Every structure is written in C-alpha cells, then in structure tokens.
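Peer 1: Quick one: the structure is below, and I'll ask about it shortly.
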Amino acid sequence: MDRIVHPGIEKFKQRVYNIEVSSITVGQWNRLLSSRREDSIKKSLKDYLEIREESIDELLD
C-alpha cells in the first residue's frame, strides 16, 4: 500500500494505523514489529498482550 499514491488509500491507511489494539495503535505495532529489536518486541508482547516465552520442558510438565 505504501507504493500506491491515492487519496482514498491514504485516508484508509491513516484510519487503520490510528486504531488502538491493546493500548497501542496499529501504526505503533507496525513500527515495533518491523524494527527487529527483539528485546523491545518481547517486552511489548509481555506488557500489552500478556504473551511470554516459556521453555518447552516447562510447558510439557
């Protein structure tokens, strides 16, 4: 969508990027997840979505 220049698409993109998901906008999630900063991503997933990393051994016990 970023390569297409069209007023309607730009409005749609802004509307979607401003939607909040778990206290963060879609635009902020997009920047975070595309940043490839694993520590920041893991922290945000834990803080905002309560997703955490577990060892397979702990999960199977």
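The values are calculated or read from the model by the stated rules, or taken from the named source; none is laboratory data. This one's a predicted model, so the numbers in the text were calculated from it and none came from an experiment. Cβ atoms come from the backbone with ideal geometry, glycine included; neighbour counts cover every protein chain shown. Heavy atoms of the whole protein, side chains included, go into the accessibility calculation; ligands, DNA and RNA do not. Shrake-Rupley method; radii C 1.70, N 1.55, O 1.52, S 1.80 Å.
Peer 1: Of all the residues that make up the stretch 8-33, how many are acidic (D, E) and over 12 Å from the mean Cα position of the chain (by Cα)?
Peer 2: 1
Peer 1: Report, by residue number, each residue of the stretch 33-61 that is open to solvent by less than 100 Å² (accessible area, probe 1.4 Å) and without any contact (Cβ under 8 Å) to a residue 12 or more places away in the chain.
Peer 2: L33, S34, S35, S40, I41, K42, L45, D47, I51, E54, S55
Peer 1: I would also like to ask the following. Just to be sure before I move on: is K13 open to solvent by 100 Å² or more (accessible area, probe 1.4 Å), free of Cβ contacts under 8 Å to residues at least 40 places away in the same chain and in a helix (DSSP H, G or I) in the structure I sent?
Peer 2: Here the answer is no, as K13 does not meet what is asked.
Peer 1: If you don't mind, there's one more thing I want to ask. In the stretch 18-32, what residues are over 17 Å from D2 (Cα atoms) and open to solvent by 70 Å² or more (accessible area, probe 1.4 Å)?
Peer 2: Residues satisfying the conditions are I19, E20, S23.
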